[in-house]
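Taking it in order: structure first as structure tokens, then the write-up.
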Amino acid sequence: MAADASREGIPCMLMRGGTSKGAYFVSSDVPAERDARNDLMMRVMGTPDPAQIDGVGGAHPLTSKVAIVSTSEQDGADVDYLFLQVGVDEPVVSDSQTCGNLLAGVGPFAIERGLVRAEDPVTTVRIRLLNTDDIASARISTPGGVVDYDGDLAIDGVPGTAGAIELSVTRSAPLFPTGAVRDEVAGHRVSIVDNGMPTVLMDAAEFGITGSESPAELEENAALRAEVERVRMGAAALLGIADAAGQTVPKMFLLSAPAAGGAIRTRAFIPHRVHTSIGVLMAASVAAGIRVPGAVGHSLAALGPGDETLIEHPGGTFAARVIVTQDEDGVWRGSSASERTARKLFDGRVFPRPRR
Ligand code: NQM
């Protein structure tokens, strides 16, 4: 890493991954030590500042994200992917979750940086998610051994079309981390589900909303925000999450009956701003949870016969394919697959704000 990063700059690629956007680094280009690395990422993004005007962050949690990628030493994985959520107006960096949207860019980035050799015409990159210890696989179009970002897949929340990236995630941890399909938290019925992202399922009607409200309307509803946060603190305690107030998980979902031909309608607090669409692994977690009889959302859901679940969100729909199984001890487990797109936006050196 350059001795004076703010003068020399650091190699960095800006990518859109799914419906999010972030700065991608090779791990050898950033400090290995956690505090120094987090401090650097805040100076790269322009945090703390609601506008992130002095950095490359986009002034929203969905565009204030970092992926750090390296060659993996684990059997069955080509690369390791560490995700960091960088605060916008608060000086915080969290590694308590991964991000399935930035995951879509990890395979292309690894190929672009020579960490994985591309095949012709398709390359599969196996990715270890360092935040959760899950294994993902990404199938990328690479005609002639070069990533082809172009294509005809449209995803809701992103204008136009791009090349499909098929993602799948396998997990060994239980789907319901508390051991119960349903819990009672702060006077509300909830299901705490983790199919890649710790997620709390709640019935929107119990919170006095229809589920059709826009993200802005929900964010303006101070009483609702406070109630959702009260449930989040209770759920975090059940999950054994220390210092939950400063963490980005669990994600909070208000569910209602579908209104646009999907299986379920969602509004997600992530956890304080409301998502303009839905995260990849959040969708996988909701889709898995509502399949289980007794879980919150199961009786609201219109489930079809296959393993695809169409999740309605504020920006359209998301098709999540999940497989949910129950072992002989009654423990539920999930895995998921979905299609995303990603695009290289800019490649060069980023100049972090100097330390003051
Ligand atoms: O759930 C947002 C996103 C995410 C996470 C967040 C994600 C996922 O939409 O897999 O992608 O974590 O707040 O990028």
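Some points to look at:
- Counting only Cβ charges, +1 for Lys and Arg and -1 for Asp and Glu, the dipole size of the range 32-118 around its Cα centre is about 240 debye.
- Placing unit charges on each Cβ (+1 for Lys and Arg, -1 for Asp and Glu) gives the range 158-249 a dipole about its Cα centre, and among Ala173, Ala186, Ala205 the Cα reaching farthest toward its positive end belongs to Ala173.
- Point-to-point label distance, Asp347-Ser299, nm (Cα→Cβ direction, 7 Å offset): 5.5 nm
- Helix 222-239 and the long axis of the chain differ in direction by around 80°, with both axes built from C-alpha atoms.
- Shape descriptor for the chain: Rg over Rh equals 0.96 (Cα atoms; Rh from the Kirkwood inverse mean 1/r).
- What the phi angles of the range 255-267 give under the Karplus curve with 6.51, -1.76 and 1.60, with θ = phi - 60°, is a coupling list of 10, 8, 4, x, 10, 9, x, x, 8, 7, 9, 10, 9 Hz, glycine and proline written as x.
- Our summary gives the chain a relative contact order of 20 percent, counting only alpha carbon pairs under 8 angstrom and 6 or more residues apart.
- Measuring max minus min along each principal axis, the C-alpha atoms of the range 1-109 give extents of 41, 34, 22 Å (largest first).
- Taking the Cα centre of the range 161-269 as reference, the dipole from Cβ charges on Lys and Arg (+1) and Asp and Glu (-1) amounts to some 240 debye.
- What a 1.4 Å probe finds exposed on the chain is 49% carbon and sulfur by accessible area, rounded to a whole percent.
- Accessible-area value, Asp120, 1.4 Å probe, nucleic acids and ligands omitted, Å²: 110 Å²
- Cα-centre dipole for the chain with unit charges at Cβ (Lys and Arg positive, Asp and Glu negative), debye to 20: 440 debye
- Selection from His313, Val30, Ala59, by position along the positive dipole direction of the chain (Cβ): Ala59
- Where His272, His60 fall by accessible area, highest first, once all protein chains stay in place (1.4 Å): His272, His60
- Helix 100-112 and the longest principal axis of the C-alpha atoms of the chain enclose an angle of approximately 20°.
- Ligands, DNA and RNA are left out, and with a 1.4 angstrom probe the accessible area of the range 218-356 is 43 Å² per residue.
- Accessible surface, per residue, of the range 94-188 when the full set of protein chains is kept, probe 1.4 Å, Å²: 43 Å²
- Nearest-ten-degree value, helix 280-290 long axis tilted from longest Cα axis of the chain: 20 degrees
- Sequence ranges 256-267, 105-116, 150-161, ranked by mean other-Cβ count within 10 angstrom, highest first: 105-116, 256-267, 150-161
- The chain, helix-only ellipticity at 222 nm - DSSP H runs n ≥ 4, -39,500 (n - 2.57), divided by all residues, nearest 500: -5500 deg cm²/dmol
- Accessible-area value, Lys251, 1.4 Å probe, nucleic acids and ligands omitted, Å²: 10 Å²
The values are calculated or read from the model by the stated rules, or taken from the named source; none is laboratory data. No experiment lies behind these values; they were computed from the predicted model shown. FYI the Cβ positions are ideal-geometry reconstructions off the backbone, even for glycines, and counts take in every protein chain you see. Just so you know, the surface numbers come from the protein's heavy atoms only, side chains and all, with ligands and any DNA or RNA stripped out. Shrake-Rupley method; radii C 1.70, N 1.55, O 1.52, S 1.80 Å.
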